[in-house]
Every structure is written in C-alpha cells, then in structure tokens.
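The values are calculated or read from the model by the stated rules, or taken from the named source; none is laboratory data. Predicted model, so just to flag it, every value in this text is computed and none were measured. With ideal geometry, Cβ positions are generated from the backbone for all residues, glycine too; neighbour counts draw on all protein chains shown.
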Amino acid sequence: MIQLTQVQAQAIRAHGAEEFPFECCGALMGVVQSGEKIVQEIRRLANTHEDERQRRFLIAPETMRDLMAEEQRNGKTVLGFYHSHPNHPALPSETDRLWAWEWWTYIIVSVQDGVPAEMTAWRLDEELAGFEEEAIEIL
C-alpha cells in the first residue's frame, strides 16, 4: 500500500492537467513504515522524451542520479514515480512494464481532454511478468 495526502493526490492530478496533452512525470519521496510506503513529498520532474511526449515520458539519467544521491543524504527514499496518461486509462502500458523496476510504485493518472480522472498505483511483479495493482490510501 502507498499513502498519499489529499494535497499530494491533488498535486499529481494538477500536474497531469497542466502538462496535457503531454505526459507529466514526477517522483514519490518518503519513508517505509511497517511495510507501507508513506509519501512525504511529490517531486515534479521534467519529461525529457524527445518524441511522442503524448504517449511517453523519460526522466533524464542525471535527474535519476541526483534523486539517488539525495536519498543517501536526507533519508527520504524514492518510493516510486507518477505519470499521466493523456486520453488513455490509468492502466500501465507495455512500455511502462518494460521500463519498470520491481520495488517501486508507479502511480498513473488518466487525464481526459485536460481533466484529471482515475488515478491508480501499480508495482511490477517479475514472477507474473507484469504489474499488480497496489492500493492507494489517501489521508
């Protein structure tokens, strides 16, 4: 399970609406307590994908390096990432699966004609060779 505050959930939705018709992306920073991921910070990141930004996102390697270094410095863990699906459901695509890492949570917000809709969370399960839905608790 991953926990978000209402403000954090709204921030993800707002980011998706602002970037529409392109995919937005960001990091979920926080802590793990009793096996639950608790988001303490939503970090907007630039979608650096050069082509097909309506259907793809890319986080620059130097941004990933900086997130990992920050994790070591301040004790906040990278719990996962979020992105939007413009005019598509909040379901992981095959591309999402190919780029996913097993432990991280991936939140997807569907943005329909500029309006945020369904938001879901997923975690890659290597044994299933696919995603398993993860519960989102909004506090």
The one condition ASP96 fails out of (1) surrounded by 18 or more Cβ atoms within 10 Å (Cβ to Cβ); (2) modelled with pLDDT of 90 or more; (3) part of a helix (DSSP H, G or I) is (2)
Within segment 99-117, track down each residue that is closer than 18 Å to ARG13 by Cβ and either acidic (Asp, Glu) or surrounded by 18 or more Cβ atoms within 10 Å (Cβ to Cβ) (or both). THR105, TYR106, ILE107, ILE108, VAL109, SER110, VAL111, ASP113, PRO116
Within segment 118-137, track down each residue that is of a type in the set (A, V, I, L, M), in contact with a helix residue (DSSP H, G or I) (Cβ under 9 Å, 6 or more places away or on another chain) and surrounded by 13 or more Cβ atoms within 10 Å (Cβ to Cβ). MET119, LEU124, ILE136
Does segment 56-67 contain any residue that is of a type outside the set (S, T, N, Q), within 18 Å of GLU134 (Cβ to Cβ) and buried (at least 20 other Cβ atoms within 10 Å of the Cβ)? no
Scanning segment 63-79 for residues that are of a type in the set (Ser, Thr, Tyr) and outside any strand (DSSP E or B) gives THR63
For THR95, work out the one condition from (1) under 19 Å from HIS49 (Cβ atoms); (2) hydroxyl-bearing (Ser, Thr, Tyr); (3) under 12 Å from the mean Cα position of the chain (by Cα) it doesn't fulfil. (3)
Filter result for the condition that a residue is surrounded by fewer than 16 Cβ atoms within 10 Å (Cβ to Cβ) and in contact with an Asp or Glu (Cβ under 9 Å, 6 or more places away or on another chain), over ASN87, ASN74: ASN87
Just need a number here: residues in segment 1-39 that are more than 22 Å from GLN112 (Cα to Cα) and surrounded by fewer than 16 Cβ atoms within 10 Å (Cβ to Cβ). 8
